[in-house]
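Peer 1: Below are the structure tokens for one structure; questions will follow.
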Amino acid sequence: MLEIKNLRASLEEEGKEILKGLTLTVEAGKVHAIMGPNGSGKSTLSYVLAGRGGYEVTDGGATLEGRDILAMEPEERAAAGLFLAFQYPVEIPGVGNMTFLRTAVNAQRRTRGEEEMDAATFLKEVRARAKELKIDAEMLKRPVNMGFSGGEKKRNEILQMAMLEPRVCILDETDSGLDVDAMKLVADGVNAMRSPDRGFLVITHYQRLLDHIVPDVVHIMVDGRIIKTGGPELALEVEKNGYADLIEEAA
Amino acid sequence: MALPQAKQTATEERLAGLNLPAAPGWTRPAREAALARVQAMGMPGRRDEYWRFTNPADFISAVPVPATHHARQKVPVFDGMDRVRLVFVDGVFDPAASDDPALAGVEITRLAEAQDQDIHWAAELYGALEARGQSPVARPLAALNTAFATDGVLIRATGRAEKPVNLIYQHESETSDAILHHVIKVEAGADLTILENGPAAARFNKVMEVDIAEGGAFHHVRVQGRDHDRRAATHIFARLGRESMFKSFTMTANGALTRNECVIELAGDDGVAHVAGACLGDGADFHHDDTVFVTHDAERCESRQVFKKVLRNGATGVFQGKILVRPGAQKTDGYQISQSLLLDEDSQFLVKPELEIYADDVACSHGSTSGAIDETALFYLRSRGVPRSEAVDLMVLSFIAEAVEEIESDQIRDEIVERLSRWLARHRR
């Protein structure tokens, strides 16, 4: 579903290479986790895939259901089915959460040549999904992420994901800044979305999120590459011994 | 003191085309005094400090620059609201197009018909607040207005007005040169909302004097737009009594040249004055100037100035804002923010924020910024599938939100935001 082949990318301004030939395939219905120490390029990978400015892809490529996403604008990638849950969701004063969600849902539908969702259906859908994530009506009315706690921001990301129904979801350090209860809510939201035709790429620093979102495949990323791939047991190994042994082993 | 020759000449040229009304009635002394002020001050010139950022030439020329009249909007702003409409066409009141001005708790009289009526409260106010507002900074266009206004309304609220009064300014003639003067008195405990919209004329000079008695409340929402070529110089002079409230918001889009001055005097303790504005400027032929002067002359008053300008394609925005805290105005809470969102490198924002404080127990803050669109937020919106152009529109609405939120009525605020969204969608590039 999501195929990344020998991807190389640098910071545009400094020319510093961050991704150094990364290859990875996320199949439909599977949850892949990427773990790695700070500075290994995990967040850069998510940004490059989602189309954030400031990076230059120098080699390799990435496709979503066979389509070259790197050639697309960020909004086209979203419409093609890619979703990135941000590590630091952005606050946007003066724009209501509902307005934002509805604009996004309908913009994607328009891009795909589908009919827009009418206001009543949209409201019903949002309310149902917000309820599952314990997001109250007050939060929906507030400006995007304004005055939200860390946990509320992450739940809001999952709400967006639920409304946009992407094919591939990338979760960038979604566990950062969450207490156990908040993490469980977020994980439940993600698990509810697992389906045979959807793939997940869960980027995390710690193993604990993977207790709640159990991955099918775990990759260890170091210095811009995948150095080891395995099952969920790999995450436990990292938790126990840290990354040092794995790095040594790969070297 | 004699005026410099150039100013003298400019003033004579402007005055040559103007006549005091034939039967000014009780306005005569105020008009004659105002004319004397104009002759003493002279018309504004490029060298005047107060006009450093805005060229007044088009305001003082003998004849106005012709302005193409654009077809009226199919659905005018505020149309969905229950309100009393008072329509002026090229600066002349049009009774046929207006509603019956009967409104419980409010007396409305047309200025052009009031001059031979005995209206004491108006006789005391006409030109009086304007005259007070001439110090410490001269505002000659306002004095010119007091002297030569041909029409306007006198509105006195004695209770809680059940609906807003909407002053609608239609523009038809390409060379119209309108001078309107409104006088508003909000009596103790009364509550009045004034709405204003429409381009008015090729050249529009308007003064609104607002006197708010103890415990009174005055709300003002104005939409300036539509005609690209029109020139407008407007003044609001407000005086606030004890525990009274003044709230004014102005939305501006289009217009070759706009200078909106707002002069507020907090004269009684515990008054609250908020003045806000948002403007959208597109093109090198757009110049918008907000000039605000708030004087705290009583204790525990609160004032807020919130001005946001979105500028692109060479548009110019100006903000001159001052908070003056007089001796004894203790516990003053003054706030001023002026910001611009520059959507390209051709546009400019010229700012002069000023605080002048003569009391020792006050909290006053001011800030001014000029910046480009936040790329991180833009990427966030785009990553959710919102196309760049739509995402920029959302960021613009986000940017001006603090000003728009100064509108108290949800209904009016929603309509303004809705219209802004449509304006932005039409002006996408």
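The values are calculated or read from the model by the stated rules, or taken from the named source; none is laboratory data. Quick caveat: nothing in here was measured; it's all calculated off a predicted structure. Quick reminder, even Gly has a Cβ in these numbers, built from the backbone with ideal geometry, and neighbours come from all protein chains shown. These area figures cover heavy atoms from the full protein model, side chains too; ligands, DNA and RNA do not enter into them. Shrake-Rupley method; radii C 1.70, N 1.55, O 1.52, S 1.80 Å.
Peer 1: Given Cα pairs under 8 Å that are at least 6 residues apart, what percent is the relative contact order of chain B?
Peer 2: Values: 1121 pairs, mean separation 44.9, N = 429.
Relative CO of chain B lands at 10 percent.
Peer 1: Enter the buried accessible area of the B/A pair, total of both sides, probe 1.4 Å, in Å² rounded to the nearest 100.
Peer 2: 2000
Peer 1: Could you calculate the contour length gain from B:Glu405 to B:Ala97, that is, 0.36 nm times the residue separation minus the distance between their Cα atoms, to one decimal place in nm?
Peer 2: That works out to 107.7 nm of additional length.
Peer 1: Follow-up question, since we're still on this one. To test your reading of the geometry: what angle, between 0 and 90 degrees and rounded to tens, separates the Cα axis of helix A:97-111 from the longest principal axis of chain A?
Peer 2: 70
Peer 1: Tell me, what is the per residue accessible area of chain B in Å², probe radius 1.4 Å?
Peer 2: 37
Peer 1: Suppose R0 equals 35 Å. What FRET efficiency, 1/(1 + (r/R0)^6) with r the Cβ-Cβ distance, do B:Ala284 and B:Leu18 give to the nearest 0.05? Before the final figure, lay out each step's value.
Peer 2: Details: r = 31 Å, r/R0 = 0.89.
After rounding to 0.05, the efficiency reads 0.65.
Peer 1: Beyond 21 Å between alpha-carbons counts as too far, so tell me which of A:Lys20/A:Lys240; B:Lys308/B:Lys352; A:Lys30/A:Lys134 fall in that bin.
Peer 2: Cα-Cα > 21 Å for A:Lys20/A:Lys240; A:Lys30/A:Lys134; rest within.
Peer 1: At a probe radius of 1.4 Å, what is the per-residue accessible area of A:Tyr55, in Å² to the nearest 10?
Peer 2: Number for this one is 50 Å².
Peer 1: In addition: If you fit an axis through the alpha-carbon atoms of helix A:180-193 and take the longest principal axis of the Cα set of chain A, what angle between them do you get, 0 to 90°, nearest 10?
Peer 2: Tilt relative to chain A: about 80 degrees.
Peer 1: Given B:Pro21, B:Thr158, B:Gln39, which one lies farthest toward the positive end of the charge dipole of the range B:5-372, if we put +1 on the Cβ of every Lys and Arg and -1 on the Cβ of every Asp and Glu?
Peer 2: Among B:Pro21, B:Thr158, B:Gln39, the one farthest towards the positive end of the dipole of the range B:5-372 is B:Gln39.
Peer 1: Another question about this same structure. Give me the one-decimal nm value for the distance between modelled label points at B:Arg326 and A:Arg142, 7 Å along each residue's Cα-to-Cβ direction.
Peer 2: 4.3
Peer 1: Sort the following peptides by mean Cβ neighbour count (other Cβ atoms within 10 Å, averaged over residues), highest first: A:69-78, B:122-131.
Peer 2: B:122-131, A:69-78
Peer 1: In whole Hz, with x marking every Gly and Pro, tabulate ³J(HN,Hα) for the range B:229-241 from phi via Karplus 6.51 cos²θ - 1.76 cosθ + 1.60, θ = phi - 60°.
Peer 2: Coupling constants for the range B:229-241: 8, 5, 10, 9, 10, 10, 10, 10, 10, 10, 10, 10, x Hz.
Peer 1: Report, to the nearest 10°, how far helix A:150-164 tilts away from the longest principal axis of the Cα atoms in chain A, using its own Cα long axis and a range of 0 to 90°.
Peer 2: Approximately 80 degrees, to the nearest 10.
Peer 1: Average partner chain C-beta neighbours within 10 Å, per residue of B:385-397?
Peer 2: What the average comes to for B:385-397 is 6.
Peer 1: GNM on chain A, C-alpha springs below 10 Å: top fluctuator among A:Lys184, A:Lys228, A:Lys240?
Peer 2: A:Lys240
Peer 1: Please name which of B:His228, B:His296, B:Gln339 has its Cα lying farthest along the dipole of the protein assembly as shown towards the positive end, using unit charges on Cβ (Lys, Arg +1; Asp, Glu -1) and the Cα centre as origin.
Peer 2: B:His228
Peer 1: Which cross-chain or sequence-distant (5 or more) residues have an amide H under 5 Å from the amide H of B:Val325, H modelled 1.01 Å from N in plane?
Peer 2: Amide H neighbours of B:Val325: B:His296, B:Glu356, B:Ile357, B:Tyr358.
Peer 1: Using a 10 Å cut-off around each Cβ of peptide A:133-146, what is the average number of partner chain Cβ atoms that fall inside? Let's see the in-between values first.
Peer 2: Working: counts 0, 0, 0, 0, 0, 0, 0, 0, 0, 0, 2, 6, 1, 2.
Shielding by partners across A:133-146 averages 1.
Peer 1: When ranked by the protection proxy of mean other Cβ atoms within 10 Å per residue, highest first, what sequence do the peptides A:197-207, B:206-216, A:42-52 form?
Peer 2: Ranked from most to least packed, the peptides come out as B:206-216, A:42-52, A:197-207.
Peer 1: Decide, for the range B:83-219, between rounded, prolate and oblate: order the square roots of the alpha carbon gyration tensor eigenvalues as a ≥ b ≥ c, take rounded if a/c falls under 1.5, and otherwise choose prolate if a/b is larger than b/c, else oblate.
Peer 2: Here the range B:83-219 falls in the oblate category.
Peer 1: Right, another one. Once you order the gyration tensor axes a ≥ b ≥ c over the Cα atoms, which shape class does the range B:5-372 get: rounded for a/c under 1.5, otherwise prolate or oblate by comparing a/b with b/c?
Peer 2: Since a/c stays below 1.5, the shape of the range B:5-372 is classed as rounded.
Peer 1: Given +1 on the Cβ of Lys and Arg, -1 on the Cβ of Asp and Glu, and no further charges, what dipole in debye does chain B carry about its Cα centre, rounded to the nearest 20? Each step should come with its number before you reach the end.
Peer 2: On the way: 47 positive and 63 negative charges, 197 e Å.
That gives a dipole near 940 debye.
Peer 1: May I pose another question? What does DSSP give for chain A in terms of the percent of beta bridges that are antiparallel, rounded to the nearest 5?
Peer 2: 55
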